[in-house]
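This report refers to the structure that appears directly beneath it.
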Amino acid sequence: MKPGGYLKLVGEVRDLQIVDVEGRRCGIADEVELSGSVGEKLKISRLLVGPGAYSRRLPRWINALIRIIAGQRVVRVPWAEVKRITSVIELKGAAERYGLARGDRILEQLLSRIPGARS
């Protein structure tokens, strides 16, 4: 699937794994942001990634728990940065370029301090 082709948003984009140019997993497409006005074609403008993006789909009590644990952060990845869509969404650049995989980097730093954690 090419970014300029027709897509079934829920079935083909939302909830897909996002992979950066280095092949590193860097999130899930939680929502899509559309642009366009009345009488115009709607276009995907950004992928929304993070707990703040999917919180509206959850029951209120789960949303409150997620907000406490993970916050409400939303990363907006420009649709123009999507290289292609297969079983994953491949990006043109590295995760850091978009503000993705922040939690992974923090976890890597914490784990690297544990003796014997690195092989």
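The numbers here are math on the coordinates, done by the rules we state, and not lab data. From a predicted model like this one, the values you see are computed outputs, not experimental measurements. Note that each Cβ is placed from the backbone with ideal geometry, even for glycine, and that neighbours are counted across all protein chains shown.
Using the Cβ-Cβ distance between Q72 and L34 with R0 = 22 Å, the FRET efficiency computed as 1/(1 + (r/R0)^6) comes to roughly 0.60. Label zone (N63, point 7 Å along Cα-to-C-beta; backbone nitrogen cut-off 16 Å) within region 35-57: 50-57. A Cβ-based charge dipole, computed about the Cα centre of region 9-112 with Lys and Arg at +1 and Asp and Glu at -1, lands at about 240 debye. Over the C-alpha trace of region 9-112, radius of gyration and Dmax come out as 14.7, 54 angstrom.
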